[in-house]
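Novice: Input: one structure, supplied below.
The values are calculated or read from the model by the stated rules, or taken from the named source; none is laboratory data. All values reported here derive from a predicted model rather than from experimental measurement. No Cβ is skipped: glycine too gets one built from the backbone with ideal geometry, and neighbour counts run over all protein chains shown.
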Amino acid sequence: MASSDDVRDLFAPPRVLAADGGEPGELLLRSAEELGEYPVTVVHSLREWAGIAPEHPLISERARGDWRTVSVAHSLQSRVRVTGTGRSNCPF
């Protein structure tokens with residue numbers, strides 16, 4: 001099990017701003033760091049990774065003593081095929 005020192009080494013010290021929350025005993029904590037740019041959804045991140053490293057494993061599980069793996073690109077292709085959201089597979 002990891003010690004608390006090991007865990008502390010994983011993260012930068014928090015920079016937090018504190019303010020009175022308005023209600024008695026209420027304290028509002030806010031990060032001193034501005035929120036950077038981030039993807040709108042997880043699917044946006046998957047699409048980006050599919051362009052960078054399409055064969056990178058996304059999900060792996062044991063299957064009869066071996067590993068069964070689904071790549072980032074394959075997971076997106078499967079999503080399109082299953083949900084019908086891709087133009088070529090859409091029945092409408």
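Novice: Identify the single condition in (1) in a loop (DSSP other than H, G, I, E, B); (2) at pLDDT 85 or above that residue 14 does not satisfy, given that it satisfies every other one.
Specialist: Unmet condition: (2).
Novice: Hey, another quick one. Please enumerate the residues belonging to the stretch 41-64 that are of a type outside the set (A, V, I, L, M) and touching a residue at least 24 places away in the same chain (Cβ under 8 Å). Steps first, answer last, please.
Specialist: First, pick out the residues of the stretch 41-64 that are of a type outside the set (A, V, I, L, M): 41, 44-45, 47-49, 51, 54-57, 60-62, 64.
Across the stretch 41-64, the qualifying residue is only 47.
Novice: Report, by residue number, each residue of the stretch 58-76 that is surrounded by 13 or more Cβ atoms within 10 Å (Cβ to Cβ), touching a Phe, Trp or Tyr at 6+ places or on another chain (Cβ under 9 Å) and part of a strand (DSSP E or B).
Specialist: 58
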